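Notes for the one structure printed next.
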Amino acid sequence: MVESTINNKTLEKLKYELVRDGIVSYETLEKAEELADVQNVNIGHALISSGILSEETLLKFLEGKLHLPYVNLEDYSPDPKCFSFIAFPDARRYRMIPLFKIEDVLTVAMSDPLDLFAIDKVVETAECSIEPVIASEASIMKKIDEYYKVADTVDDIILQEEGEEFDWTEELHKEDSGEEHIQRVIRAILKQAIIEDIHELNFEQVEEGLKVVFKQHGEILDKGTIPAILNSAFVSKLKTLSNLDPSVCEIPQLGKLCFKVDNTMLIASVSSFPTIMGERISLKIYKPPKTLDKIVTDEKQRAILMNATEKPGIILVCGSPLSGKTHIIYSMLMNADVRNKNVMTIESIAKYELKYIHQCELNENIGFNMDKALRFVEFQQPDLIYLEGIKTREAFEFLSELFYNDKTVITEFMANSMTDLRQKLAFEDFQSFKSLISCLVFIHSRESIEIFDKETLQKYLA
């Protein structure tokens, strides 16, 4: 999968050799270049994905032109001892992975062996000679994920006995240094957040360093500061763990951090955003969804909700920020009849993998945004679809179109109270949309969830 728009310098230099050798025509090459520009990929991707060339043909061509050996990584196991020579972010950025070292020579598999900047960077870090070999980009990225991820994970967080105090800064102040210390600091911050039942935490740049802020019930809690000298290393490690590019800080990025707490897998969305002081990073922690009967204990209300999922209409889940809207939606999806229905989601981040449900993550980096997803999802013929964060008039109009095409749609809407919701839906832009709501779920608190059927809701909103 393409993860950046870095050009392949090798193919750029040799692309006209493809024409001279009669492998492709000049016109075909021009079309491939146009496709590469549109898709934000290198020309090699464009040639292969469009079926113009097979990957094997392209790799054999490069092997012959560069007089470098081609290595098939599918049946090859790199030496883990060599991973320290190339950092995880650089391996992903430059599409290369160290294979083995003999005496003072490190053999590195590269998809772009003429990238001299990448080679110089490795030489500087590894302090040895580099011998590049050619491998497919897809196989390199697969090996990077397979081998590096073993080291780049947050260990299982074990919670202490109830009532025992925990302070992440104790880990910060230990006399230690290096990447492992930074990783333990991240782990300690997450542990304290879980102990204090925090679902949102932020890292904010200040003059002293990186301030750690917990958010609970709308209250901002200052939990200490990471010294400025550790800022760069901390942000880089956190972004690496979240599959973000640590070398990019000028544009927003959205990633996902997976970690275990008492052997239970949790997921946090990780958002980085540039400010004049430096990047601000926000984490939102999502816990595994419970079964619907554990959340909606009243049988009559639960019946109203499940009846709504069986008919065309719009199910609106409302509540204040961090009230648990996503949690109850996932519980509803888990309870859906997936054997007889095509159930789909369109989300910024898939909080948990739901069995037999087709979950889709948006990716702004390649132009796959909500607008494009909405325009194409109907071709997939979903029966029940969850659309995250619908906010624009065009999006609400599309929800109406889905309703008229006999779809069941679940979405959420932010409202601090029923009065707040009523006032917001009173605006003219919502009049048509409001009439299509077949069920409303309002989360007053974790212990208080109210469910309205269509008839009751229309009377309330009239």
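Computed from the coordinates by the stated procedures, all read-outs in this text should not be read as laboratory data. It should be emphasised that the depicted structure is a prediction, and the values quoted were computed from it without experimental measurement. Because the Cβ atoms are built from the backbone with ideal geometry, glycine has one as well, and the counts that use them run over all protein chains shown.
If I model a spin label at Glu74 and Asp293 as a point 7 Å from the Cα along the Cα→Cβ vector, what separation in nanometres do I get? Placing both labels 7 Å along Cα→Cβ, they lie 4.8 nm apart. Sketch the reach of a paramagnetic label on Val206 as a point 7 Å from Cα along Cα-to-Cβ, and name the residues of the stretch 244-288 whose backbone nitrogen lies under 19 Å away. 273, 275-283, by backbone N distance to the label point. Computed over the stretch 328-376, the alpha-carbon pair-distance distribution with 10 angstrom bins reads 24, 49, 25, 2, each value a whole percent. By the beta-carbon count within 10 Å of each Cβ, the least crowded to most crowded order of Met306, Met332, fewest first, is Met306, Met332. Put a plus charge on the Cβ of each Lys and Arg, a minus charge on the Cβ of each Asp and Glu, and nothing anywhere else: the dipole of the chain about its Cα centre is then about 1300 debye. Summing charges over all other residues whose Cβ lies under 11 Å from the Cβ of Ser77, with Lys and Arg as +1 and Asp and Glu as -1, gives -3.
Note on Glu353 and Lys65: their simple-model spin labels are 3.8 nm apart, each label 7 Å out from Cα toward Cβ. Between helix 299-309 and the chain there is an angle of about 50 degrees, using the helix long axis and the longest principal axis of the Cα atoms. Please determine, in degrees from 0 to 90 and to the nearest 10, the orientation of helix 137-151 with respect to the longest principal axis defined by the Cα atoms of the chain, where the helix direction is its Cα long axis. Compared with the principal axis, the helix lies near 70 degrees. Partners of Lys60 within straight-line reach, counting lysines whose Cα lies under 18 Å from its Cα and excluding those fewer than 8 residues away in the same chain: Lys9, Lys13, Lys15. For helix 116-126, report the angle its Cα long axis makes with the longest principal axis of the Cα atoms of the chain; keep it between 0 and 90° and round to the nearest 10°. The answer is roughly 90 degrees.
Using C-alpha pairs below 8 Å separated by at least 6 residues, the relative contact order for the stretch 154-286 is 24 percent.
Residues Phe379, Phe85, Phe452, arranged from fewest to most other Cβ atoms within 10 angstrom of their Cβ, appear as Phe379, Phe85, Phe452. Simple spin-label estimate for Asp222 and Asn416 gives 2.4 nm between the two label positions (7 Å along the Cα-to-Cβ direction from each Cα).
Counting only aspartates and glutamates at least 8 places from Lys355 when in the same chain, those with an alpha carbon closer than 18 Å to its own are Asp337, Glu347, Asp383. About the centre of its Cα atoms, the stretch 154-298 shows a dipole size close to 660 debye [charges on the beta carbon of Lys, Arg (+1) and Asp, Glu (-1) only; nearest 20 debye].
Working note: Cα gyration tensor of the stretch 68-151, eigenvalues times five, square-rooted, sorted largest first, giving semi-axes of 16, 14, 13 Å. Separation of the alpha carbons by more than 21 angstrom is noted, of Lys215/Lys287; Lys174/Lys237; Lys237/Lys325; Lys325/Lys372; Lys142/Lys191; Lys81/Lys256, for Lys237/Lys325; Lys325/Lys372; Lys142/Lys191; Lys81/Lys256.
Alpha carbon centre of the stretch 248-312 versus the stretch 174-203: separation in Å? For the stretch 248-312 versus the stretch 174-203, the Cα centre distance is 19 Å. Listed from fewest to most Cβ neighbours within 10 Å, the set Lys260, Lys407 follows the order Lys260, Lys407. The residue among Cys318, Leu18, Ile198 whose Cα reaches farthest toward the positive pole of the charge dipole of the chain, with charges on the beta-carbon of Lys, Arg, Asp and Glu, is Cys318.
With the charge dipole of the chain set up from +1 on Lys and Arg Cβ and -1 on Asp and Glu Cβ about the Cα centre, the Cα lying farthest toward the positive end among the listed residues Ile134, Ile366, Pro289 is that of Pro289. Shape call for the stretch 154-286 from the C-alpha gyration tensor, a ≥ b ≥ c root eigenvalues: rounded (a/c under 1.5), prolate (a/b greater than b/c) or oblate? Note, shape of the stretch 154-286 comes out rounded. Here Glu146 and Glu394 are evaluated by their C-beta separation; at R0 = 30 Å the FRET efficiency comes out at 0.15. Here the ratio of the Cα radius of gyration of the chain to 2.2 N^0.38 Å is 1.14. Each semi-axis of the equivalent ellipsoid for the stretch 20-108 is √(5λ) with λ an eigenvalue of the Cα gyration tensor; in descending order they amount to 31, 16, 11 Å.
Report the calculated FRET efficiency for Lys424 and Glu17 (r = Cβ-Cβ distance, R0 = 45 Å), to the nearest 0.05. With R0 = 45 Å, the Cβ-Cβ based efficiency is 0.15.
Near Val261, the amide H atoms lying under 5 Å from its own belong to Ile157, Leu266; only residues 5 or more places off or on other chains count, and H is placed 1.01 Å from N. Counting every alpha-carbon pair across the stretch 292-461, the share separated by more than 27 Å comes to 19%. Using R0 = 51 Å, the C-beta based FRET efficiency linking Asp197 and Lys81 works out to 0.75.
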